[in-house]
Amino acid sequence: MKIIRSCFIILILSINISCNRNTGNPDIIPDAPANTATPVYTNVAISTDKAVYNPGDVVTFSIDYSTLPTSTKVRYKNSNTVVSEADVTGATWTWKTPSTDYKGYLAEVYGTNNGNETIYATVGIDVSSSWTKFPRYGFLSGFSQLSDDNINAVIANLNKYHINGLQFYDWQNKHHKPLPLVNSAPANTWKDIINRDIYLSTIQKYITSAHAHNMKAMFYDLIYGAWESGEADGVQKEWSVYKDNTHTNKDFHPLSSPFLSNIYLLDPSNTGWQQYFINEIKTVYQYLNFDGFHMDQLGDRGSRYKYDGSFLNLSQAFKPFIDAVHTADTQKFNVMNAVQQYGQQSIAGASSDFLYTEVWSPSDSYGDLATLIKQNNTLSNNTKNTVLAAYMNYDLANNKGYFNTPSVLMTNSVIFAFGGAHLELGEHMLGKEYFPNDNLSMKDDLKSSLVNYYDFLVAYQNLLRDGGSFNSIDISSVDKKISLEPWPASAGNVAVFGKKVNAMQIIHFINFTNSKTQNWRDNTGIQVSPLLVKDAKLVFTSTTPVKKMWVASPDIAGGASRTLNFAQIGTKVSFILPDLKYWDMVVVEY
């Protein structure tokens, strides 16, 4: 009998084979072929010399070579495509990055024995001429007299996570005069608002060390704050914000001991205040090599008034301030905190380089995090990426202890999958809005996992953060190993959502099957690690013939991409999801 080699006939003969022809009965669910085994991953320590590279720059890699066999190789991949490959012959080596701008790569150090592959190490590489395209924001919050070794160790640790911008939090003296001068030169030391000693030399050394790793240094300050001594320093009462329309009661943020002053508010749209503060900013830039200004606010103040008694729409006053600062120095970067989205529309329309949201109630669920990122995409017409300041295990941070590893990884899975970044890493991890609070420490498993998560965010930034549109996926579980639910999923289910990027359909899976709370902050640290799911048989609908499928996860094999076998009959495409811990990203190429 003559055998006709077509997908339909082969299916009738019950021969399992991957097939991508869009023929046959669309109601038949094809049998998904098995995948090759997930490679062994040994997680050997590896690092790069910088957090981000310009196109054509040379990357220097360092690895614990003593644990590697002599036949070890390295391949460099953009998404699932190998762009080059080489032998690894020592503890350090170099790679010249491609000339294309704004691309993410994953270096996979691997070896093969008897046809079985072992991945020894992976590391992400960001090739971007501007850090604000894919911001990964960290912070610094302590500026006492520190040794060079201490400073360099902090920056080297942040470099492991590819942090490409640093917010220098509460480095300043008075909010209205951030850098104090003595005899026309910067003071060697000064006090911050809470009476801490701040050393000029520490700030200078941090900036130098950050720049050596191609990180940008951003100075923090309120855009509208003055101490009680403000009028003596030239701040005019006519610039102030008032609680009444008779300029009787100034608006202020009350602070008690050990704080040195209340903070009195100024109108950001007032041109007199703008010019006063721009002169102070110029003084900062004259003596300190900061790359830009991280602007802060205090959120919705309710009904407020100008000196002349007219109503002040504070949320609309941010744009004129940002634009005035940008006009004064177009070479510097500017970003502003939208406290629970307050004023974000004004900020997004201004000369801000990316969007930053400090997340508070009522945005308490995982679904709310995704909503904030998507709102920012809309407000900026998809031109500015988002960083979320989202403080984990908030109540736990009242006392000494440890961060809950599952709650941090679950939150990052959501933020990263929707294209955001998480402000969380500095000298320590953040648990409070007052950045020097370091009550909570990271356990070793969290430190290790977060490196993989940030490698993943870098390696796949073109799929996660470089355009595209979110969509819904018609997908179901064949063997019922997992219960799928469209985003946002409830506890007990796997959340699934899609994103179309060029000729690719991305399918994200976030595992809430074992979740103890859907509150991302997990105030008291009750979240638990999801159970690992193996070999789940899934089927989805595609009206277009599928060319290729692959999967990558920050939880598996160091984020290395793995090709998936699949079968397609009509509009039905079946495949086996090899493993799901917190988050998987499946990519369908057409």
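Please find, among Leu372, Leu355, the residue that is at pLDDT 95 or above and either acidic (Asp, Glu) or out of contact with any helix residue (DSSP H, G or I) (no Cβ under 8 Å at 6 or more places or on another chain) (or both). Just a single option satisfies the conditions, and that option is Leu372.
Within segment 321-339, which residues are over 19 Å from Leu265 (Cα atoms) and touching a Ser or Thr at 6+ places or on another chain (Cβ under 7 Å)? Those that are over 19 Å from Leu265 (Cα atoms) and touching a Ser or Thr at 6+ places or on another chain (Cβ under 7 Å): Asp323, His326, Phe333, Asn334, Val335.
Restricting attention to segment 453-484, the residues that are aliphatic (A, V, I, L, M), within 14 Å of Ile415 (Cα to Cα) and either at pLDDT below 95 or not in a helix (DSSP H, G or I) (or both) total 0.
For segment 286-311, the set of residues classified as surrounded by fewer than 19 Cβ atoms within 10 Å (Cβ to Cβ), farther than 25 Å from Phe252 by Cβ and under 28 Å from the mean Cα position of the chain (by Cα) consists of Leu288, Asn289, listed by residue number. Highlighted here are the strands (runs of 3 or more DSSP E) found entirely within segment 550-590 that include at least 1 residues which are touching a Pro at 6+ places or on another chain (Cβ under 6 Å) and hydroxyl-bearing (Ser, Thr, Tyr): 572-580. For segment 347-365, filtering for residues that are crowded, with 22+ Cβ neighbours inside 10 Å and without any contact (Cβ under 8 Å) to a residue 24 or more places away in the chain leaves 0. The residues of segment 79-106 that are outside any strand (DSSP E or B), exposed (fewer than 15 other Cβ atoms within 10 Å of the Cβ) and hydroxyl-bearing (Ser, Thr, Tyr), listed by number, are Thr89, Ser99, Thr100.
Flag not set for Ile415, criterion: buried (at least 24 other Cβ atoms within 10 Å of the Cβ), at negative phi and either in the same structural domain as Leu531 (by TED's automatic domain parsing) or over 17 Å from the mean Cα position of the chain (by Cα) (or both).
The single residue among Val109, Val154 that is among the β-branched types (Val, Ile, Thr), assigned to a helix (DSSP H, G or I), at negative phi and in contact (Cβ under 8 Å) with a residue 60 or more places away in the chain turns out to be Val154. Here Phe540 clears all of (1) in a strand (DSSP E or B); (2) surrounded by fewer than 21 Cβ atoms within 10 Å (Cβ to Cβ) except the condition numbered (2). Within segment 457-515, the residues that satisfy the criterion of being acidic (Asp, Glu) and within 21 Å of Lys537 (Cβ to Cβ) are Asp474, Asp479, Glu485.
Only helices (runs of 4 or more DSSP H) whose full extent lies in segment 311-424 are considered here, and the ones with at least 3 residues that are farther than 30 Å from Asn439 by Cα are 318-328, 344-348, 366-379.
Checking each residue in segment 132-151 for being buried (at least 18 other Cβ atoms within 10 Å of the Cβ) and either of a type outside the set (A, V, I, L, M, F, W, C) or closer than 16 Å to Val59 by Cβ (or both) picks out Thr132, Lys133, Pro135, Arg136, Tyr137, Gly138, Ser141, Gly142.
So that you can scan it fast, the table gives a plain yes or no per residue for (1) outside any loop (DSSP other than H, G, I, E, B); (2) hydroxyl-bearing (Ser, Thr, Tyr):
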site: Asn245; (1), (2): no, no
site: Tyr264; (1), (2): yes, yes
site: Val284; (1), (2): yes, no
site: Met295; (1), (2): yes, no
site: Asp300; (1), (2): no, no
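Scan segment 174-227 for residues that are outside any strand (DSSP E or B) and not aromatic (Phe, Trp, Tyr) and the total you get is 32.
Of all residues in segment 138-169, those being in contact with a helix residue (DSSP H, G or I) (Cβ under 6 Å, 6 or more places away or on another chain) and either at pLDDT below 95 or of a type in the set (Phe, Trp, Tyr) (or both) number 2. Note on segment 232-269: residues that are more than 21 Å from Gln316 (Cβ to Cβ) and acidic (Asp, Glu) amount to 1. Can we say Thr48 is outside the structural domain of Arg562 (by TED's automatic domain parsing), surrounded by 14 or more Cβ atoms within 10 Å (Cβ to Cβ) and hydroxyl-bearing (Ser, Thr, Tyr)? Spelling it out, Thr48 is indeed outside the structural domain of Arg562 (by TED's automatic domain parsing), surrounded by 14 or more Cβ atoms within 10 Å (Cβ to Cβ) and hydroxyl-bearing (Ser, Thr, Tyr).
Considering the conditions (1) at pLDDT below 95; (2) outside any strand (DSSP E or B), Pro135 is excluded by exactly one of them, (1). Checking segment 252-264 against the condition returns a match, with at least one residue being of a type in the set (Gly, Ala, Ser), in the same structural domain as His294 (by TED's automatic domain parsing) and touching a residue at least 40 places away in the same chain (Cβ under 8 Å).
Listed here are the residues, each with its yes/no results for (1) within 25 Å of the chain's Cα centre (by Cα); (2) of a type in the set (S, T, N, Q); (3) assigned by TED's automatic domain parsing to the domain that holds Ile415.
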position: Ile475; (1), (2), (3): no, no, no
position: Lys500; (1), (2), (3): yes, no, no
position: Ile507; (1), (2), (3): yes, no, no
position: Asn514; (1), (2), (3): yes, yes, no
position: Asn519; (1), (2), (3): yes, yes, no
position: Asp522; (1), (2), (3): yes, no, no
position: Lys534; (1), (2), (3): no, no, no
position: Pro545; (1), (2), (3): no, no, no
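Summed over segment 241-273, residues that are in contact with a helix residue (DSSP H, G or I) (Cβ under 9 Å, 6 or more places away or on another chain) and hydroxyl-bearing (Ser, Thr, Tyr) total 2.
The values are calculated or read from the model by the stated rules, or taken from the named source; none is laboratory data. Worth saying up front: this structure is predicted, and the values here are computed from it rather than measured. Heads up, the Cβs are rebuilt from the backbone with ideal geometry, glycines too, and the neighbour counts pull from every protein chain shown.
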